[in-house]
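Quick notes on the structure that follows.
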Amino acid sequence: MISVVGLRKSIRNGSRTVDILKGIDFSVPKGQFAAIMGSSGSGKSTLLGLLAGLDTPSAGDVHLNGVAISYLAEDKLAQVRGKTLGFVFQSYQLIPTLTALENVLLPYELNSDAPESDGLARAKQLLVSVGLGDRLDHYPVQLSGGEQQRVALARAFVLRPPIVLADEPTGNLDTVNGKAVLDLLLNLNKIEGTTLVLVTHDPVLATFADRRIVLRDGLVVSDELNEAPVVQPSDETYLSG
């Protein structure tokens with residue numbers, strides 16, 4: 001579902017070239033939950049941006065569901081992203097002038113050829129599934145941080161994308177809300193059969209993944225299957241982090 005080949009990313013810093021990613025290769029099969037880990041500056045957020053087609057590599061390529069995306073024209077790239085990817089941001093990235101329901105519907109209206117009624121039913125069903133059935137008409141400012149992230153989760157899954165990328169999805173939440181959002185993300189991953197790639201610096205979150213890919217100084221230093229991933233984030237397990 002995801003294939004990364006010889007991926008490199010360098011930037012200019014004055015007269016100096018800084019290598020952020022130094023040649024990365026890996027693939028993620030359909031339905032797998034992979035956690036990308038690493039300390040600050042390891043390159044994990046840069047990698048996620050390249051996987052999403054939000055940035056262009058200095059060398060190498062990213063294939064999503066068989067399509068090489070790194071050097072596509074922007075209109076073609078937007079089409080691939082719209083049909084292939086859901087994205088969960090650490091800072092929610094909800095549109096403040098839209099209600100919870102309208103925020104969830106937005107990808108559907110931009111990318112789907114199906115009848116609007118289908119999208120409306122899907123959006124409502126997802127908001128109910130994340131516990132926000134009574135918040136459909138609320139604006140982001142009227143929602144707590146945990147509720148906003150649950151809206152963002154519903155938005156990421158509304159088109160049934162084969163791939164969902166999540167960038168520190170619990171990073172701005174307290175422990176209780178972080179556990180709730182992680183629980184919902186895992187449930188949606190299993191129910192929808194989605195390939196999930198989550199960036200985190202938190203080893204507790206990584207215990208729920210099928211696989212852990214660790215970056216250090218722009219290189220993959222460890223790539224291991226988790227032989228006994230935690231199925232659900234119990235309070236005891238999550239709070240231990």
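The values are calculated or read from the model by the stated rules, or taken from the named source; none is laboratory data. Quick caveat: nothing in here was measured; it's all calculated off a predicted structure. Quick reminder, even Gly has a Cβ in these numbers, built from the backbone with ideal geometry, and neighbours come from all protein chains shown.
Pairs under 8 Å by beta carbon, first residue under 25 Å from THR207 (Cβ atoms) in segment 36-57, partner assigned to a helix (DSSP H, G or I) and modelled with pLDDT under 90, six or more apart or different chains?
MET37/PRO203; MET37/ALA206; ALA52/ARG81
Spot the failing condition for LEU173; the list is (1) under 21 Å from LEU54 (Cα atoms); (2) free of Cβ contacts under 8 Å to residues at least 40 places away in the same chain, and only one is missed.
(1)
Which one is surrounded by the most Cβ atoms within 10 Å (Cβ to Cβ), of the residues in segment 192-221 that are part of a helix (DSSP H, G or I) and aliphatic (A, V, I, L, M)?
Kept after step one, since they are part of a helix (DSSP H, G or I), are these residues of segment 192-221: 192, 203-206.
Filter once more, so that each one left must be aliphatic (A, V, I, L, M): 204-206.
On the way: VAL204: 18, LEU205: 25, ALA206: 22.
Among residues in segment 192-221 that are part of a helix (DSSP H, G or I) and aliphatic (A, V, I, L, M), the one surrounded by the most Cβ atoms within 10 Å (Cβ to Cβ) is LEU205.
Test of understanding: among ALA78, ALA100, ALA68, ALA59, which residue is touching a His at 6+ places or on another chain (Cβ under 6 Å) and not basic (Lys, Arg)?
Going through ALA78, ALA100, ALA68, ALA59 in turn, just one is touching a His at 6+ places or on another chain (Cβ under 6 Å) and not basic (Lys, Arg): ALA100.
Here are some conditions: (1) surrounded by fewer than 16 Cβ atoms within 10 Å (Cβ to Cβ); (2) touching a residue at least 24 places away in the same chain (Cβ under 8 Å); (3) closer than 24 Å to ASP174 by Cβ. GLY133 meets all but one. Which one does it not meet?
Failed condition: (2).
Could you pull out the residue among ASN189, ASN177, ASN172, ASN111 that is under 16 Å from the mean Cα position of the chain (by Cα), surrounded by fewer than 21 Cβ atoms within 10 Å (Cβ to Cβ) and of a type in the set (S, T, N, Q)?
Details: ASN189 fails: surrounded by fewer than 21 Cβ atoms within 10 Å (Cβ to Cβ); ASN177 fails: under 16 Å from the mean Cα position of the chain (by Cα); ASN111 fails: under 16 Å from the mean Cα position of the chain (by Cα).
Checking each option against the conditions leaves just ASN172.
Is there a residue being assigned to a loop (DSSP other than H, G, I, E, B), under 22 Å from LYS44 (Cβ atoms) and not aromatic (Phe, Trp, Tyr) anywhere in segment 149-157?
At the first step, the residues of segment 149-157 found to be assigned to a loop (DSSP other than H, G, I, E, B) are none.
No, segment 149-157 has no match at all.
For segment 141-154, which residues satisfy the criterion of being over 20 Å from the mean Cα position of the chain (by Cα) and buried (at least 16 other Cβ atoms within 10 Å of the Cβ)?
Step one: filter segment 141-154 for residues over 20 Å from the mean Cα position of the chain (by Cα), giving 141-144.
The answer is LEU143, and nothing else.
Do you know which of the residues in segment 4-21 that are in contact with a Gly (Cβ under 9 Å, 6 or more places away or on another chain) and surrounded by fewer than 17 Cβ atoms within 10 Å (Cβ to Cβ) is nearest to GLY41 (Cα to Cα)?
Our first condition is that a residue be in contact with a Gly (Cβ under 9 Å, 6 or more places away or on another chain); within segment 4-21, this holds for 4-9, 19-21.
Remaining after also requiring surrounded by fewer than 17 Cβ atoms within 10 Å (Cβ to Cβ): 6, 8, 19.
On the way: GLY6: 19, ARG8: 15, ASP19: 11 Å.
Filtering segment 4-21 for residues that are in contact with a Gly (Cβ under 9 Å, 6 or more places away or on another chain) and surrounded by fewer than 17 Cβ atoms within 10 Å (Cβ to Cβ), the one nearest to GLY41 (Cα to Cα) comes out as ASP19.
Which of the residues that make up segment 158-169 are under 13 Å from the mean Cα position of the chain (by Cα) and part of a loop (DSSP other than H, G, I, E, B)? Before you say what the answer is, go through the steps one by one.
Pass one, segment 158-169, residues under 13 Å from the mean Cα position of the chain (by Cα): 161-169.
Passing the criteria: PRO161, PRO162, GLU168, PRO169.
So, in segment 81-108, how many residues would count as being among the basic types (Lys, Arg) and surrounded by fewer than 20 Cβ atoms within 10 Å (Cβ to Cβ)?
Qualifying residue count, segment 81-108: 1.
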